[in-house]
Protein chains: 2
Amino acid sequence: MSVKELLQSGDCGKEVEVKGWVRTKRGNKQVNFIALNDGSTINNIQVVVDMEKVAEEVMKKVTTGAAVHVKGLLVESTGSGQAHEIQAKEVIVMGEADPEKYPIQPKKHSLEFLREVAHLRFRTNIFGAVFRIRHAMAFAIHQYFNDHGFYYLHTPLITASDCEGAGEMFRVTTLDAKNPPLLEDGSVDFRQDFFGKSTNLTVSGQLEGELGAMSLGKIYTFGPTFRAENSNTTRHLSEFWMIEPEVAFNDLEDNMDLAEDFLKYLIRYALEHCMDDLLFLSKRLQEEEKDKKAEDRSMELIEKLQFVLNHDFERVTYTEAIEILKNSKQNKNGKFQYPVTGWGVDLQSEHERYLVEKHFKKPVILTGYPKEIKAFYMKQNPDGKTVAAMDVLFPQIGEIIGGSQREEDYDKLVTRMKEVGIPVASMSWYLDTRRFGSAEHSGFGLGFERLLLFVTGMGNIRDVIPFPRTPKNAEF
Amino acid sequence: MSVKELLQSGDCGKEVEVKGWVRTKRGNKQVNFIALNDGSTINNIQVVVDMEKVAEEVMKKVTTGAAVHVKGLLVESTGSGQAHEIQAKEVIVMGEADPEKYPIQPKKHSLEFLREVAHLRFRTNIFGAVFRIRHAMAFAIHQYFNDHGFYYLHTPLITASDCEGAGEMFRVTTLDAKNPPLLEDGSVDFRQDFFGKSTNLTVSGQLEGELGAMSLGKIYTFGPTFRAENSNTTRHLSEFWMIEPEVAFNDLEDNMDLAEDFLKYLIRYALEHCMDDLLFLSKRLQEEEKDKKAEDRSMELIEKLQFVLNHDFERVTYTEAIEILKNSKQNKNGKFQYPVTGWGVDLQSEHERYLVEKHFKKPVILTGYPKEIKAFYMKQNPDGKTVAAMDVLFPQIGEIIGGSQREEDYDKLVTRMKEVGIPVASMSWYLDTRRFGSAEHSGFGLGFERLLLFVTGMGNIRDVIPFPRTPKNAEF
């Protein structure tokens with residue numbers, strides 16, 4: 001039985017067995033208390049050991065990190081903090097953990113240090129909580145889409161297309177790294193590469209997702225995407241997971257409704273299924289920030305999640321947002337790192353957060369961005385200047401979702417592709433959706449780790465993915 | 001409302017709207033019948049058009065593949081084959097599909113041809129069915145593990161580890177393809193590559209999965225894996241999806257129980273949720289094989305699925321299996337392509353299928369394989385010759401799952417790694433699970449497309465993944 005099941009069961013007086021890892025051991029010559037955890041929950045089960053019943057040489061090996069097998073009686077706990085505990089009849093040490101060498105001793109470790117032992121950090125309360133929440137959010141995503149008639153589409157990771165323009169890409173190759181085959185003109189002969197041409201790791205499944213939506217109606221992707229950008233920040237990963245729903249016959253309004261309903265579902269799911277872990281993370285965050293000035297502290301974690309749940313997202317145009325930002329005290333007093341000079345500029349995280357946290361005091365959906373700062377496939381508005389884009393902005397993290405209605409008009413799309421220099425010929429498969437049975441359709445992308453930063457309150461994106469890939473780092 | 005919802009609703013006499021793609025149109029001067037499909041189900045909704053009510057120039061554009069928007073009355077169908085149909089009041093063509101150019105005309109297309117237009121093949125009945133089932137199976141996998149207390153772990157795709165030994169790998173790089181930086185000795189300076197070393201696309205998430213299991217208890221992966229093998233067969237892909245559960249404290253027996261329960265759950269889910277699509281695929285398969293001799297025909301699809309559900313999987317040792325195969329008529333009459341000569345040989349698909357289809361007449365789990373033909377991390381049995389491996393064998397496809405109990409003893413594992421030439425130093429993160437709190441644990445891998453071949457009855461693995469990647473092919 002797992003620790004979670006044991007703690008939930010009311011079977012006091014029953015013989016039980018449990019296996020797990022020792023978090024702490026304390027006690028005296030008469031009695032020892034082992035806090036045992038098996039990863040199923042943040043809560044430990046307490047094992048009470050009568051030192052007369054278990055050999056001393058066994059108990060010596062019961063140290064933090066050791067794997068032990070306990071047989072005993074489940075009883076009501078006399079101590080505080082837990083309902084049940086186990087009176088041990090037998091303790092078997094399956095695997096020791098030398099206290100001189102085991103890195104995760106019961107003391108405060110920095111997140112930086114734990115990143116270096118990422119293969120063991122799941123054994124801490126904080127990362128146990130984060131990765132159980134990561135699971136819960138992934139499951140909620142599948143549940144939501146399944147319940148709403150979407151089909152999960154696995155778009156390809158290796159792609160010869162390079163048209164999303166979302167950033168630099170990793171090359172995938174089996175050519176000899178030192179002596180690649182060359183053509184007569186001295187360039188590399190990619191025809192001899194594995195796929196017969198130069199291939200990369202995908203930056204987005206959207207274009208293939210559109211193919212799915214224009215046949216199956218409603219699809220979503222949920223898979224890894226890649227950026228070969230040399231960005232060493234708390235917000236960038238070279239490998240991360242994206243969720244991209246795409247819906248035939250949806251316009252921008254439908255798309256906003258979907259995004260809002262979806263995000264609220266996920267946050268409600270977290271509150272309903274992960275409260276133990278959320279409470280732990282909330283306490284950690286408050287501890288972390290207790291020396292900060294009140295105005296610099298983050299919103300309390302649960303409160304922040306409820307803040308999103310309890311507000312209709314404010315839907316505002318980019319043009320209105322620019323006016324608000326330009327005329328804000330913040331801007332006039334030079335408090336923005338990037339001053340807002342006027343229409344046409346791209347918004348930074350500080351601007352997005354200002355709109356959400358200071359101005360509207362609720363999540364915001366911005367629409368109608370200038371076409372110059374958005375991707376080629378977005379539906380062109382009649383004004384000739386803007387596109388039917390939408391970004392959902394959240395407290396703490398700014399943009400959490402970016403999406404749009406897609407341009408369904410073949411001629412307009414081709415014209416725009418030519419304007420921005422996208423090779424039309426190599427994209428004929430994409431254009432076929434506009435050539436045959438075109439219809440309005442919309443979709444968006446949610447960065448999974450961005451969502452997790454929000455839900456867990458963690459500050460560094462490397463702490464919400466099991467084994468982060470960043471420039472110069474591909475450990476484990 | 002989707003076509004699926006319309007067909008299920010009993011709201012006859014109600015005004016409805018539906019959007020979808022035309023599958024076929026037939027009729028005469030008085031009345032036209034449009035078969036409309038939006039991807040939500042294999043069944044079309046029939047739209048009946050009184051030609052006096054809808055303009056002729058509109059109806060001319062209603063051709064196969066066109067996207068149309070229909071408003072009308074939901075009524076009981078007078079024809080056979082469906083319960084409801086729509087009496088059209090208005091038909092709007094959103095996107096035409098020139099019959100001279102649209103490739104998916106209403107006639108029989110070969111699977112090879114449809115592979116060339118993979119971006120449009122979702123619009124056929126067969127691929128609609130396959131990819132709806134693919135979704136259902138993916139969801140069932142997440143549901144099963146979530147219900148059983150497993151945590152979904154996203155193991156990394158880009159990895160510097162090359163120890164699984166499961167095949168050749170793709171290199172991931174940002175170095176200049178033609179002029180890579182060189183070290184003094186003339187070799188490529190991978191320190192200047194993006195991750196500061198040579199990196200590859202993963203062939204398995206298992207090793208990282210073990211790290212998760214030895215902390216969180218029960219985990220599973222479900223993500224893309226890669227093989228740079230030059231295999232052009234109906235069973236190999238360069239990019240495919242794998243499911244790999246890993247469970248702390250599970251021995252081989254638990255592992256077999258999990259595999260059997262899991263596979264039966266998935267097949268039961270398919271029968272309960274995908275019957276329309278399965279019936280279509282079953283009919284297709286029978287049509288396909290009607291000219292074959294009875295003994296060469298596959299088992300009927302639904303029957304084959306029930307065959308798995310209704311039998312306890314036979315658990316047999318490799319050693320027993322070799323005896324059976326060696327002494328089989330098949331072997332003695334030279335009917336095996338690879339004759340079974342004796343203990344130690346690896347089993348081929350033909351042998352696996354013989355055991356399942358001819359000898360035991362039920363799914364089989366083989367255990368106790370010779371250590372030489374299995375991976376280094378498998379638990380060594382006391383006989384010194386075999387390991388605690390298990391392969392689950394199914395009709396039609398042979399091995400569907402491969403797994404094992406893992407070697408939890410540090411010394412035995414290191415000795416074996418040295419024997420087979422795995423660099424121990426670079427694997428110290430993996431060995432830490434055996435150094436600190438080691439315990440018995442087990443897991444297995446299920447190739448998602450292998451499962452789909454079985455459930456859909458399709459014969460070529462390229463037809464059960466949206467955009468197949470194979471040697472010389474990375475289209476779309």
Mind checking the stretch A:277-368 for trypsin sites (Lys or Arg not before Pro) that DSSP puts in a loop (not H, G, I, E or B) and that have at most 15 other Cβ atoms within 10 Å?
A:Lys290, A:Lys292, A:Lys293, A:Arg297, A:Lys335, A:Lys361
Could you please point out the chain B residue with its Cβ nearest to the axis of the rotation taking chain B onto chain A, and the distance in whole angstrom?
B:His142, 2
Separation between Cα centres of the stretch B:404-476 and the stretch A:436-457, rounded to whole Å:
30
How are the Cα pair distances of the protein assembly as shown distributed, in percent, across 20 Å bins from 0?
12, 42, 36, 10, 0
Quotient of C-alpha Rg and 2.2 N^0.38 Å, computed over chain B
1.17
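Pairs A:Lys385/B:Lys19; B:Lys418/B:Lys472; B:Lys326/B:Lys361; A:Lys358/A:Lys472; A:Lys418/B:Lys61; A:Lys19/A:Lys107: which are spaced more than 27 Å apart, C-alpha to C-alpha?
Values: A:Lys385/B:Lys19 30 Å; B:Lys418/B:Lys472 36 Å; B:Lys326/B:Lys361 18 Å; A:Lys358/A:Lys472 38 Å; A:Lys418/B:Lys61 29 Å; A:Lys19/A:Lys107 23 Å.
Beyond 27 Å between Cα atoms: A:Lys385/B:Lys19; B:Lys418/B:Lys472; A:Lys358/A:Lys472; A:Lys418/B:Lys61.
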On the protein heavy atoms, probe 1.4 angstrom, tell me the percent of accessible surface of the stretch A:3-95 carried by carbon and sulfur.
45
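Counting other Cβ atoms within 10 Å, keep those with at most 10, restrict to DSSP loop, and tell me which trypsin sites (Lys or Arg not before Pro) in the stretch A:1-50 are left.
Values: sites: A:Lys4, A:Lys14, A:Lys19, A:Arg23, A:Lys25, A:Arg26, A:Lys29; in loops: A:Lys14, A:Lys29.
Those satisfying the criteria are A:Lys29.
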Give me the orientation-averaged projected area of the Cα convex hull of the stretch A:209-291, in nm², one decimal.
8.6
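Using only protein heavy atoms and a 1.4 Å probe, how much accessible area in total is buried between B and A, to the nearest 100 Å²? Could the numbers behind the result be given before it?
Working: alone 23500 and 23470 Å², together 38460 Å².
Summing both chains' loss of accessible area gives about 8500 Å².
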Mean separation of Cα pairs under 8 Å and 6+ residues apart, divided by the residue count of the stretch B:3-95: what relative contact order is that in percent?
32
Can you pull out the GluC sites (Glu not before Pro) in the stretch B:410-476 whose DSSP state is coil and whose Cβ has at most 15 other Cβ atoms within 10 Å?
none
Of all the Cα-Cα pairs you can form in the stretch B:318-473, what percent are over 26 Å apart?
41
Taking the stretch B:3-95, how much of its Cα-Cα pair set, in percent, is spaced more than 19 angstrom apart?
30
For peptide A:88-98, what's the mean number of Cβ atoms from other chains within 10 Å of each residue's Cβ?
3
Once the label point is set 7 Å along the Cα-to-beta-carbon vector, what list of distances in nm do you get between A:Thr233 and its counterparts in the other copies?
4.7
Set A:Lys4/A:Lys304; B:Lys283/B:Lys329; A:Lys335/A:Lys362, cut-off 31 Å on Cα-Cα distance; pairs above it are B:Lys283/B:Lys329
Give me the Debye-computed log₁₀ of I(q)/I(0) at q = 0.15, 0.16 Å⁻¹ for the stretch B:116-237, equal point scatterers on Cα only, no solvent, two decimals.
-0.95, -1.01
At A:Met51, with labels set 7 Å past Cα in the Cβ direction, how many nm apart are the copies from this one, shortest first?
9.9
Could you check what % of the DSSP bridge pairs in the stretch A:3-95 are antiparallel, to the nearest 5?
90
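The values are calculated or read from the model by the stated rules, or taken from the named source; none is laboratory data. Since the model is a prediction, treat every value here as computed from it, not as a measurement. Please note: Cβ atoms are built from the backbone with ideal geometry, for glycine as well, and neighbour counts cover all protein chains shown. Each accessible area value is taken on the protein alone, full model and side chains, heavy atoms only, with ligands, DNA and RNA left out. Shrake-Rupley method; radii C 1.70, N 1.55, O 1.52, S 1.80 Å.
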